[in-house]
Amino acid sequence: MKHRSSARRLTLMTMLLAMSILLHMVEPALPIPVPGVKLGLANIVGLITLFLFGVKEMITVNVMRVVMASLLRGILFGTGFWLSLSGVLLSTLVTILLYKQNKLSKIGLSVASGAFHGIGQIGALILINNTVMMIYWLPMLWFSSVPTGYVTGTLSVQVLKRLKVTERNRV
């Protein structure tokens with residue numbers, strides 16, 4: 001019976017990873033009126049993974065998404081890869097810390113994730129370009145993280161409701 005359970009778990013994790021890669025790849029094609037701002041659709045899958053499986057699995061899905069999408073785009077170790085990786089690492093870390101404190105709703109976690117994703121990206125830009133002038137872009141990223149985080153958080157909540165996921169019935 002344990003074998004069946006682990007096979008189911010691996011299958012679900014693989015499907016979540018595939019969905020997050022797809023969303024990560026499609027999102028740049030969406031017309032957003034503010035340059036550099038994205039909706040963060042792949043964050044929906046990261047949050048769902050956190051609530052379905054837990055912390056380790058969220059980290060795995062988020063990091064694997066960045067690496068695999070960068071490989072598919074042909075930008076592994078390019079500037080876009082480092083921006084994405086730094087953003088996802090910081091946002092995932094903050095999301096996990098806030099999740100463990102149990103202080104924010106799922107939507108609040110999503111907004112915080114978006115805000116810290118921007119901080120991670122700006123930090124990477126400062127290091128890559130060797131100038132602190134990139135910090136002036138941070139207020140725009142923070143401002144946009146509220147509506148985008150709200151949208152991705154709301155979508156995550158709706159998916160989890162449809163899957164009937166609560167804290168007690170994790171996969």
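A few comments on the model shown:
- Considering residues of the range 82-111 that are small (Gly, Ala, Ser) and touching a helix residue (DSSP H, G or I) at 6+ places or on another chain (Cβ under 6 Å) only, the residue nearest to residue 51 (Cα to Cα): 110
- Residue 75 being without any contact (Cβ under 8 Å) to a residue 60 or more places away in the chain, surrounded by fewer than 21 Cβ atoms within 10 Å (Cβ to Cβ) and within 23 Å of residue 147 (Cα to Cα): no
- Within the range 1-43, the set of residues being assigned to a helix (DSSP H, G or I), among the β-branched types (Val, Ile, Thr) and under 27 Å from residue 148 (Cβ atoms) comprises 14, 21, 26.
- The listed residue being without any contact (Cβ under 8 Å) to a residue 40 or more places away in the chain and not charged (D, E, K, R), out of 34, 63: 63
- As for the range 125-134, it holds at least one residue that is crowded, with 19+ Cβ neighbours inside 10 Å, modelled with pLDDT under 95 and either under 19 Å from the mean Cα position of the chain (by Cα) or not basic (Lys, Arg) (or both).
The values are calculated or read from the model by the stated rules, or taken from the named source; none is laboratory data. Computed from a predicted structure; not experimentally measured. Glycine also receives a Cβ, built like all others from the backbone with ideal geometry; neighbour counts cover every protein chain displayed.
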